[in-house]
Amino acid sequence: MEKRVRGSATAIRIALVFLAVAVGMSCMWGTGYAASSKDPIVIGGVYDLTGALSTHGKGGLLTAKAGIDRLNKAGGIAGRPIKFIVEDSATDPATGLRKLRKLILKDKAEFILIGVNSGVAVGAIPLAKELNTIIFTEATARDITGKKGNRYVFRAIGDAQMAAIAMARVAGKELGKNAYGLGADYEWGHSVVGMAEDVFGKIGLKMVGKAFSPVGTLDFVPYLSKVPKQTDFIVAGYFTSDVLKLVNQAWEIGLRKPIFVGSIHSIRYKDLGPGADLVWCGTYGSRSLSGYPEDVRPAQKAYRDVVGLDDAGWDKSGELSAEYIWAGWEGVSWIKKGVEDSGWKSRDDNLKFMKALEGTTVKTSIEFPTGGKTMRAEDHQAITDMYVLKAEKGQIVTKARVAGADILPSYPALVDFRKE
């Protein structure tokens, strides 16, 4: 009997020891450990560093890395250093999603920055929820913060519809009422043309026709030759080399219509050829420092000095322009704000992080150098100012700024992720 009692007492002591160890391990890997830890916060980056979108990918990475380096020099986020691990999606959604899984599952990335590739961003949305990982993207297809989105994804930049609203306001006054849509036959190209058509109908403009060309099209003449005579201007859902081909081929066949392109990122005036002055763009920032409002310029100048961008809007290599790539920098700033405002320590606190940013308004600062903005609570879309640029007399100039507050009435949330 005595042996059984002693045995039971020993078993209880052993069980208590195991319980103590388990509790200790729980504290080590849970929020208690992270609260006092100097372990890094791991941020993963998925950028198109090769392929058709490489100039956008390199630009987004340039500013994101500069933002992280700046924070690390100042002590990191909430006293923890940042570890930044980057993968090349090679302008291929399948590759991008494979690299995303690697970052989360192998490298233990707790936050992810995704570049401009809408195919990668849309594919990443269900993975973000499945793998309990918060994503910030600079891709601009509308559905990312619409019917394909979820609470784990935030967009730090405007989208194709916001650009279309800005474009429509200027085009209706400057160019006429009849537009024709041309776009690349994939998510973003359809988004540019489709959002323009939707916005135009609400303000008295008309889309008189539209067409989509296969990705990789070299000859746009068959499409340009079908542009109706009554067309006042063309809305073109293309970027980089496709813009150059489209604009130059339009001039070659005698088509003298203004063309509103989806992006002129890293395109110089001279590359647009003799039809350069017909090119417009509704976009996400000013290329030149002077194109920003006076009260924004000091913060914008400070940011440019850190990143290595001149007042005209070019990086030191002369290959990357400024109007789009700031989203990497501000994505990092949103992560910092969410962590510090919510007290985030680990993935267990992701919901607290989300709630902290939902509906948050930030002011112009070096962390948000494109101006004050709000992270809309319902759909995690940053409501920010939009810009209209134009090729004119040898340079790319800012023709108009449309304030986020003025865009908002025409841009309701399509979803409410807080109900998830």
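The values are calculated or read from the model by the stated rules, or taken from the named source; none is laboratory data. What you are looking at is a predicted structure, and each value in this text was computed from that prediction instead of being measured. Positions of Cβ are backbone-derived with ideal geometry, glycine not excepted, and every protein chain shown enters the neighbour counts.
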Here is a list of conditions, (1) crowded, with 24+ Cβ neighbours inside 10 Å; (2) charged (D, E, K, R); (3) out of contact with any helix residue (DSSP H, G or I) (no Cβ under 8 Å at 6 or more places or on another chain), and Glu138 meets all of them except one; can you say which number that is? (3)
Neighbours by Cβ (under 6 Å, 6+ apart or cross-chain): first from segment 260-276, surrounded by fewer than 23 Cβ atoms within 10 Å (Cβ to Cβ); second not hydrophobic (A, V, I, L, M, F, W, C): Tyr269/Gly394; Tyr269/Gln395; Gly273/Asn248; Ala276/Tyr269
Which condition number in (1) hydrophobic (A, V, I, L, M, F, W, C); (2) surrounded by 18 or more Cβ atoms within 10 Å (Cβ to Cβ); (3) at pLDDT below 95 is the one that Val235 fails? (3)
Test Ala327 against the stated conditions and say whether it is small (Gly, Ala, Ser), modelled with pLDDT of 95 or more, assigned to a helix (DSSP H, G or I) and under 24 Å from Gly371 (Cβ atoms). yes
For segment 230-250, which positions are of a type outside the set (Gly, Ala, Ser) and touching a residue at least 40 places away in the same chain (Cβ under 8 Å)? Gln230, Thr231, Asp232, Phe233, Ile234, Val235, Tyr238, Phe239, Thr240, Asp242, Leu246
Please determine whether any residue of segment 133-152 is under 29 Å from Ser286 (Cα atoms), modelled with pLDDT of 95 or more, touching a Gly at 6+ places or on another chain (Cβ under 6 Å) and among the small types (Gly, Ala, Ser). no
Spans of strands (runs of 3 or more DSSP E) in segment 355-420 with at least 2 residues farther than 20 Å from Val153 by Cβ: 386-392, 395-402
Every residue from segment 71-84 that is of a type outside the set (Gly, Ala, Ser), in contact with a helix residue (DSSP H, G or I) (Cβ under 6 Å, 6 or more places away or on another chain) and surrounded by fewer than 19 Cβ atoms within 10 Å (Cβ to Cβ): Pro81
